[in-house]
Number of protein chains: 2
Amino acid sequence: MPKRLLIDMDGVLADTYLQFFRLEATVTGKQVLHNDIIGLAEGDAFPNYKKYIHNDGFFRDAPVIDDAVEVMEKLNKIYEIFIVSSAMEFPNSLREKYDWLQEHFPFLHWKQIILCGSKIPVQGDILIDDHFKNLDPFQGKTLLFTQPHNMGRDNGHYRVDNWREIEGVLL
Amino acid sequence: MPKRLLIDMDGVLADTYLQFFRLEATVTGKQVLHNDIIGLAEGDAFPNYKKYIHNDGFFRDAPVIDDAVEVMEKLNKIYEIFIVSSAMEFPNSLREKYDWLQEHFPFLHWKQIILCGSKIPVQGDILIDDHFKNLDPFQGKTLLFTQPHNMGRDNGHYRVDNWREIEGVLL
């Protein structure tokens, strides 16, 4: 039986940080630098981040993180994959996330998508996520995907910086 | 620690059969009777049912099943409740289901909502559902909510006909 692999969306498949950088520059005229926000929660790095997230198109127009499509297509042949994304806090994101996955990951079936509030009841063998609140309570193997907010500590999770590293670990 | 109670939406909280009866009467001019469709899958009872489900408003305008609000409010104080609803096959339903829950069950937090394709990875202690495809593989206690399509067999699940019976079993 294939192992069940749960994969987060924002900050793992979708480059939401690039969206934050863009919106911050547009709205405030200020170019935030990657090095300025290391170790800061998203809300501290971008005080308006909840407003940004509620923008129409925030999720729909997010770029795909490098190499995610190619590695996901390979993983999808070997693992039982589910995309597990926190979306309920931002109900505008529900349809946008569905459409985004259809566009960029057309090889995923709709049965493989889970949009939730809390990820606690969703269980599997492996979880790839960038947030400790999801990784810490997970009972299987965990991969911590590097994003500025999680740099400087790992809480015992195995850190991966990009999709090529995930490929090396899981394939 | 409270027990985790997973609750299906269509056919358990939302009266989707009433929507089918209404649409069938409007579209075909034919009034389907409850007794005519006992034991029939939804697709056999209403050959156009997938078209109906894709109608804007199908989920948003569904009536609430009798006593569900009152009993759910009591259960929500004792159990860790998650609404687990298959929605991905009908992406128009995503926002409609969210808005419907906000309107009729305002005491539920967005963290308690899970919209999915397959329910397999979502685990808990108790599941209330009307479909065997969800109940049969579930590892905890199961309550089979009576709907025309599941009448005549129970696959070993405990059958409940209405929310007062659920109240009697779980409270």
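The values are calculated or read from the model by the stated rules, or taken from the named source; none is laboratory data. Computed from a predicted model, the values in this text were never measured in an experiment. Cβ placement follows ideal geometry from the backbone for every residue including glycine, while neighbour counts extend to all protein chains displayed.
Look at the range A:67-92 and say how many of its residues are outside any loop (DSSP other than H, G, I, E, B) and either within 20 Å of residue B:118 (Cβ to Cβ) or free of Cβ contacts under 8 Å to residues at least 40 places away in the same chain (or both).
14
So which residues in the range B:117-149 are in contact (Cβ under 8 Å) with a residue 60 or more places away in the chain and away from chain A (no Cβ under 13 Å)?
Within the range B:117-149, B:128, B:129, B:130, B:131, B:145, B:147, B:148, B:149 meet the criteria.
Here is a yes/no grid of residues against (1) surrounded by 18 or more Cβ atoms within 10 Å (Cβ to Cβ); (2) out of contact with any Cys (no Cβ under 9 Å at 6 or more places or on another chain); (3) of a type in the set (A, V, I, L, M, F, W, C):
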position	(1), (2), (3)
A:4	yes, yes, no
A:8	yes, yes, no
A:38	no, yes, yes
A:48	no, yes, no
A:77	no, yes, no
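Could you tell me which residue of the range A:93-111 is nearest to residue B:117 (Cα to Cα), considering only residues that are hydrophobic (A, V, I, L, M, F, W, C) and facing chain B (nearest Cβ under 9 Å)?
The initial filter retains those residues of the range A:93-111 that are hydrophobic (A, V, I, L, M, F, W, C), namely A:94, A:100-101, A:105, A:107-108, A:110.
Subset that is facing chain B (nearest Cβ under 9 Å): A:94, A:110.
Working: A:94: 13, A:110: 6 Å.
Ranking the qualifying residues of the range A:93-111, first place goes to A:110.
State the number of residues belonging to the range A:49-66 that are more than 15 Å from residue A:10 (Cβ to Cβ) and either within 14 Å of chain B (Cβ to nearest Cβ) or assigned to a strand (DSSP E or B) (or both). Steps first, answer last, please.
Pass one, the range A:49-66, residues more than 15 Å from residue A:10 (Cβ to Cβ): A:51, A:56, A:66.
Applying the additional criterion that residues be either within 14 Å of chain B (Cβ to nearest Cβ) or assigned to a strand (DSSP E or B) (or both) yields A:56.
Counting residues in the range A:49-66 that are more than 15 Å from residue A:10 (Cβ to Cβ) and either within 14 Å of chain B (Cβ to nearest Cβ) or assigned to a strand (DSSP E or B) (or both) gives 1.
Taking the condition part of a strand (DSSP E or B) and at pLDDT 95 or above, does residue B:115 pass?
Considered against the rule, which asks whether it is part of a strand (DSSP E or B) and at pLDDT 95 or above, residue B:115 comes out as yes.
Which of the numbered conditions does residue A:167 fail, given that it passes all the others? Conditions: (1) within 14 Å of chain B (Cβ to nearest Cβ); (2) outside any strand (DSSP E or B); (3) in contact (Cβ under 8 Å) with a residue 12 or more places away in the chain.
Exception for residue A:167: condition (1).
Among what's in the range A:87-111 and is within 13 Å of the chain's Cα centre (by Cα) and buried (at least 22 other Cβ atoms within 10 Å of the Cβ), pick the residue that is nearest to residue B:125 (Cα to Cα).
My answer is A:87.
Would it be correct to say that residue B:23 is surrounded by 13 or more Cβ atoms within 10 Å (Cβ to Cβ) and in contact with a strand residue (DSSP E or B) (Cβ under 6 Å, 6 or more places away or on another chain)? Let's see the steps before the verdict.
Details: surrounded by 13 or more Cβ atoms within 10 Å (Cβ to Cβ): yes; in contact with a strand residue (DSSP E or B) (Cβ under 6 Å, 6 or more places away or on another chain): no.
When the stated conditions are applied, residue B:23 does not pass them.
Quick one: in the range A:52-73, which of the residues that are of a type outside the set (A, V, I, L, M, F, W, C) and at pLDDT below 95 is surrounded by the most Cβ atoms within 10 Å (Cβ to Cβ)?
A:52
Counting just the residues of the range A:120-171 that are in contact with a helix residue (DSSP H, G or I) (Cβ under 6 Å, 6 or more places away or on another chain) and of a type in the set (S, T, N, Q), which one comes out farthest from residue A:9 (Cα to Cα)?
For the range A:120-171, the residue satisfying everything is A:155.
Go through the range B:146-160 residue by residue and tally those that are more than 14 Å from residue B:38 (Cα to Cα) and of a type outside the set (S, T, N, Q).
Final tally of qualifying residues: 5.
With respect to residue A:114, determine if the residue is surrounded by 18 or more Cβ atoms within 10 Å (Cβ to Cβ), touching a Pro at 6+ places or on another chain (Cβ under 8 Å) and within 14 Å of chain B (Cβ to nearest Cβ).
So residue A:114 passes the test.
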